[in-house]
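One structure is given below, encoded as structure tokens.
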Amino acid sequence: SKPNGTRCLRISTAVIAATDNREQAEKHADVKVIGTHAALRAAKLAKEGNYEKAQMEARSAQRFLARNDIAPDQLNRWSEQVGQFDNVVRDERERELLPRQSSTRSNVRSDSTVEAISKGKSLNSHSLFD
């Protein structure tokens, strides 16, 4: 916004080369950005109740990080942080599979599940990698 109240929008463009070569793309990828995005996306999916997709997101990111020359201590830190979340998601999936009195899905979550999802949503690259 300008001092006179006028609101402006700045548009910036850039040309970025694309590739179909997965190995090359992964070699040049920013693993911190991808790892953080995957952890946040998994937390969002879990919050929406899609526990299976949340687990798939976290595990595929973990495999990606392991393939891409990330320092072992950083991979262990990421795995530890996301692993706590993954354990809770796994428990929720198992709880969903138990027979219920009604045919509707329960929207009630345990305190530990809510806490893990909340922590998952607040993860950042510093808490995951540093």
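Kindly establish whether residue 44 is in contact with a Leu (Cβ under 6 Å, 6 or more places away or on another chain), open to solvent by 100 Å² or more (accessible area, probe 1.4 Å) and assigned to a helix (DSSP H, G or I). Full working, then the answer.
Details: in contact with a Leu (Cβ under 6 Å, 6 or more places away or on another chain): no; open to solvent by 100 Å² or more (accessible area, probe 1.4 Å): yes; assigned to a helix (DSSP H, G or I): yes.
Considered against the rule, which asks whether it is in contact with a Leu (Cβ under 6 Å, 6 or more places away or on another chain), open to solvent by 100 Å² or more (accessible area, probe 1.4 Å) and assigned to a helix (DSSP H, G or I), residue 44 comes out as no.
One residue stands out among those in the stretch 26-41 that are open to solvent by 100 Å² or more (accessible area, probe 1.4 Å) and part of a helix (DSSP H, G or I): the one that is farthest from residue 90 (Cα to Cα), which is 27.
Look through the stretch 4-25, keep the residues that are open to solvent by 100 Å² or more (accessible area, probe 1.4 Å) and of a type outside the set (A, V, I, L, M, F, W, C), and return whichever of them is modelled with the highest pLDDT. So the residue we want is 20. Remark: pairs (first residue in the stretch 1-22, without any contact (Cβ under 8 Å) to a residue 60 or more places away in the chain; second residue of a type in the set (A, V, I, L, M, F, W, C) and in a loop (DSSP other than H, G, I, E, B); Cβ separation under 8 Å; 6+ apart in sequence or on different chains) = 1/8; 2/8. On inspection, residue 49 does not qualify as in a helix (DSSP H, G or I) and farther than 17 Å from residue 26 by Cα. The single condition from (1) touching a Phe, Trp or Tyr at 6+ places or on another chain (Cβ under 8 Å); (2) within 14 Å of residue 86 (Cα to Cα); (3) modelled with pLDDT of 85 or more; (4) of a type outside the set (Ser, Thr, Tyr) that residue 40 fails is (1).
Considering only the stretch 56-130, give the helices (runs of 4 or more DSSP H) lying wholly within it that have at least 3 residues that are over 22 Å from residue 27 (Cβ atoms) and either of a type in the set (Val, Ile, Thr) or modelled with pLDDT under 85 (or both).
Numbers: elements: 72-97, 111-121, 125-129.
Once the helices (runs of 4 or more DSSP H) in the stretch 56-130 are filtered for at least 3 residues that are over 22 Å from residue 27 (Cβ atoms) and either of a type in the set (Val, Ile, Thr) or modelled with pLDDT under 85 (or both), what remains is 72-97, 111-121.
The values are calculated or read from the model by the stated rules, or taken from the named source; none is laboratory data. Since we're looking at a predicted model, the values are computed, not measured. We place every Cβ from the backbone using ideal geometry, glycine too, and count neighbours over all the protein chains shown. Note: accessible area is taken over every heavy atom of the protein model, side chains too, but ligands, DNA and RNA are not part of it. Shrake-Rupley method; radii C 1.70, N 1.55, O 1.52, S 1.80 Å.
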